[in-house]
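Asker: What follows is a structure written as structure tokens; I'll ask about it next.
Values quoted throughout were computed directly from the atomic coordinates according to the rules given, and no laboratory measurement underlies them. In this text the structure is predicted, and so the values were computed from the model without any measurement. FYI the Cβ positions are ideal-geometry reconstructions off the backbone, even for glycines, and counts take in every protein chain you see.
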Amino acid sequence: MTDIKIRYCIDNLDSVPFEDEWDIEGRLSITKDNLVLTKKIDDPGDKGFRGDSIFYILEGWVNSVPKIFQGEIYEVNFVDSQEGFLFIPKGEFTYFKYFVGGSGKILSQNGVRTVEEENKRYPNNEEGTSFETDVLVLEIIRVSESFIEFLDPKIKNKEDVIRFKQALEEAREAYHQYSMRTK
């Protein structure tokens, strides 16, 4: 069985309490069999965390679950950015990809690179890295439950929390329906 781990970090935890989801800054990383898919392969100092508004991004991942089970490609972009995460379902597998979108050149710490060159710095295959869909979904659900349980008391505006929990419940239901069909 594939070993998958999704981790998150909250960059501004010292700002608690948060007014709403937009006040929470943080990032996600995803690992498959000890290979951090969101880490630049040529940067030993990179810890592999990517993102900006962690609540928004993880909520997008949770919202992707029912879509994945319906065979729909789902993209979660960072706020005001061409960077994002892509989930591509194909049968019993879902391909995951972190990417920098667009075309042309971008400015990086090491100078100017093409978008294609920048994307090659991550250990994604051309079409992404494959996961057994049910294993990926269970990990998304697990980390989302942990995330919202930790943050719920720290967020003043509960509308965001309620919406996240509803999306999480829909993800659990989609997983349940999927597991019933595949038994």
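Asker: Where in the chain are the helices, taken as whole DSSP H runs, whose Cα atoms extend 20 angstrom or more along the long axis and whose Kyte-Doolittle mean reaches at least 0.5?
Answerer: Helix filter hits for the chain: 54-69, 133-151.
Asker: Residues with amide H under 5 Å of Thr38's amide H, sequence separation 5 or more or different chain, H placed in the peptide plane at 1.01 Å from N; which?
Answerer: Correct list: Ile30.
Asker: In addition: Which stretch or stretches of the range 139-153 have amide N atoms under 13 Å from the point lying 7 Å from Lys5's Cα along the Cα→Cβ direction?
Answerer: none
Asker: Tally Lys/Arg at +1 and Asp/Glu at -1 over every other residue whose Cβ is under 13 Å from the Cβ of Val137; what's the total?
Answerer: Taking every other residue near Val137 into account, the sum is -4.
Asker: Which of the pairs Lys47/Lys165; Lys67/Lys97; Lys47/Lys67 have their Cα atoms more than 18 Å apart in this structure?
Answerer: Lys47/Lys165; Lys47/Lys67
Asker: Remind me, relative contact order of the range 24-183 in percent, using alpha carbon pairs under 8 angstrom and six or more residues apart?
Answerer: Normalised by residue count, the contact order of the range 24-183 is 20 percent.
Asker: Fewest Cβ neighbours within 10 Å first, please rank Val79, Val161 accordingly.
Answerer: With the fewest neighbours first, Val79, Val161 line up as Val79, Val161.
Asker: Taking 0.36 nm per intervening residue step and subtracting the Cα-Cα distance, what contour gain separates Asp52 from Leu13 on full extension?
Answerer: Between Asp52 and Leu13, full extension yields 12.7 nm more.
Asker: Principal axis extents for the chain, Cα atoms only, whole Å, descending order, please.
Answerer: Cα extents, longest axis first: 45, 44, 27 Å.
Asker: Follow-up. If you stretched the chain out fully between Glu173 and Glu72, how much longer would it get, using 0.36 nm times the residue separation minus the C-alpha to C-alpha distance?
Answerer: Length difference between fully extended and current span is 34.7 nm.
Asker: Taking springs between alpha-carbon atoms closer than 10 angstrom, which of Ile155, Ile68, Ile54 fluctuates most in the Gaussian network model of the chain?
Answerer: Between Ile155, Ile68, Ile54, it is Ile155 that shows the largest mean-square fluctuation.
Asker: Report, in debye and to the nearest 20, how large the dipole of the range 4-182 comes out about its Cα centre when Lys and Arg carry +1 and Asp and Glu carry -1 on their Cβ.
Answerer: 440 debye
Asker: Right, here's the next one. When a/c reaches 1.5 or more, the comparison of a/b and b/c decides; with that in mind, is the range 18-86 rounded, prolate or oblate per its Cα gyration tensor?
Answerer: It is oblate, given that a/c is not under 1.5 and a/b is not larger than b/c.
Asker: Give me Trp61, Trp22 sorted ascending by neighbouring Cβ count inside 10 Å, so fewest comes first.
Answerer: Trp22, Trp61
Asker: So if R0 is 30 Å, what FRET efficiency would Met180 and Ser146 give, r being the distance between their Cβ atoms, rounded to the nearest 0.05?
Answerer: E(calc), rounded to 0.05, equals 0.75.
Asker: Counting other C-beta atoms within 10 Å, which of Ile10, Ile57, Ile30, Ile41 has the fewest, and how do the rest follow?
Answerer: Fewest-to-most ranking of Ile10, Ile57, Ile30, Ile41: Ile41, Ile10, Ile57, Ile30.
Asker: Could you work out which residue, out of Asp33, Asp134, Asp23, moves most in a Gaussian network model of the chain, that is, has the largest mean-square fluctuation with Cα springs under 10 Å?
Answerer: Maximum among the listed residues: Asp33.
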